[in-house]
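J.: Have a look at the structure that comes next, please.
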């Protein structure tokens, strides 16, 4: 499991799941999440499958 904090860059609903691109602020636990790095900026793409999870909005 990976634990990160970050800001949502894009968030799109498709087929009942949320697809989001997150600009990473900090990585607390590094698991098998694919993290892209360009200079000092890190980002990742995630899929949120859980319908009970907190709502994700751009800029948060």
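Every read-out reported here was derived from the displayed coordinates using simple, explicitly stated rules and does not represent laboratory data. Since the structure is predicted, the reported quantities are computational estimates derived from the model, not experimental observations. Backbone-built Cβ (ideal geometry, glycine too); neighbour counts: all protein chains shown.
J.: Quickly work out the residue 14-to-residue 26 label distance, labels modelled 7 Å from Cα along the C-beta direction, and quote it in nm with one decimal.
T.: With each label placed 7 Å out from Cα toward Cβ, I get 3.2 nm.
J.: While we're on this one: Taking the square root of 5 times each eigenvalue of the Cα gyration tensor, what semi-axes in Å does the equivalent ellipsoid of the stretch 3-48 have, largest first?
T.: The three semi-axes for the stretch 3-48 are 19, 12, 9 Å.
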